[in-house]
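Let me begin by presenting the structure, written as structure tokens, before commenting on it.
Just so it is clear, none of the values below were taken in a lab; they were calculated from the coordinates. All values reported here derive from a predicted model rather than from experimental measurement. As a convention, Cβ positions derive from the backbone with ideal geometry for all residues, glycine included, and neighbour counts pool all protein chains shown.
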Amino acid sequence: MNLKDFLKRVVYREKATSESYIRYLRKMGVNIGEDCIFYAPSQSPIDIQYPWMISIGNHVRITAGVKILTHDYSWSVLKLASGHEGEILGACGHVVIGDNVFIGRGTIITRNVVIGDNVIIGAGSVVTKDCGSDGVYAGNPARKITDIESFYKKRKAAQLQEAKELARTYVERYGRKPKPEVFHEYFMLFCDDKEIQRNVAFSKKIELCGNAEQSLNYMSSNSPLFNSYEEFINYVLRTSEPCRKGKIVNEKQVDSIKNIYNCSNPLFDTICYVAIFCLV
């Protein structure tokens, strides 16, 4: 154990890592399945007044600031309210989270809530009612935004445009062409199942969620949109929208430079696009 990990364990104790926090919660009585992750355990307080009232399924991702509550202290007001002085009324309830659930930053889940399987909870949501399976929920109070299949289609359709924006902004900010690892969530646009094994960053991504074999099977059955990273990056830079001064890098600008230098090398294309992008 290095010094950083040692100090982290001393300061945060059972909340030092996701693994140690899960062990602690299980010891307290929380039912937690396999392949679950607390991305910021020190910032994710779980109500352990009634730990046996919490059940978390398999493949659940809990991000920073998520709070899960099984009780509240509202009876403290009633105990002093006129006509009810002295009476104590308990307030507790189950929280059940299904399999394959992602809970966004800052979400609060209150008592008496059941979240189904294959559910995404948007950041900052306050979940006060049940969330059915195969849905995306967000808001205060959280409500269903769309179903998982529709969300998949939306995300699928946005992949290339988002990759183009990543590349455009990267070049604008740093003045150089990004390395393949910059696109560690978009590599399926240009990487096949054989090439994936030669890139550590990409290999780590497919290992997530415990179904790397399914990812490899998908990649072997579905050809990437581009044959290589060079083809991909040349395309996204060539078709990028305006740079910081509001001008567009277009093919005519690049062709004029290529004609001057009489060069047809694809790498030269990329250099031209980057140069024009940064100078116009």
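When each of the peptides 210-223, 177-190, 106-119 is scored by the mean number of other C-beta atoms lying within 10 Å of its residues, the order from highest to lowest reads 106-119, 177-190, 210-223. Take the Cα of residue 96, go 7 Å toward its beta carbon, and the backbone nitrogen atoms of region 39-54 under 12 Å from that spot belong to 54. Remark: for residue pairs 15/179; 179/205; 27/67; 27/79; 156/179; 15/144, the C-alpha separation exceeds 25 Å in 15/179; 27/79; 15/144. On the basis of the beta-carbon distance and an R0 of 41 Å, residue 134 and residue 48 show a calculated FRET efficiency of 0.85. Take every pair of alpha-carbon atoms less than 8 Å apart whose residues are at least six positions apart; their mean separation over the length of region 45-162 yields a relative contact order of 19 percent. For region 165-238, applying the loop criterion from DSSP together with a ceiling of 11 other beta carbons within 10 Å to the trypsin sites (Lys or Arg not before Pro) yields 176, 194. Here the peptides 32-41, 79-88 are ranked by packing, the mean other Cβ count within 10 Å, and the order with the highest first is 32-41, 79-88.
Of all aspartates and glutamates in the structure, the ones whose alpha carbon falls short of 14 Å from that of residue 204, not counting any fewer than 8 places away in one chain, are 181, 185, 193, 195, 213.
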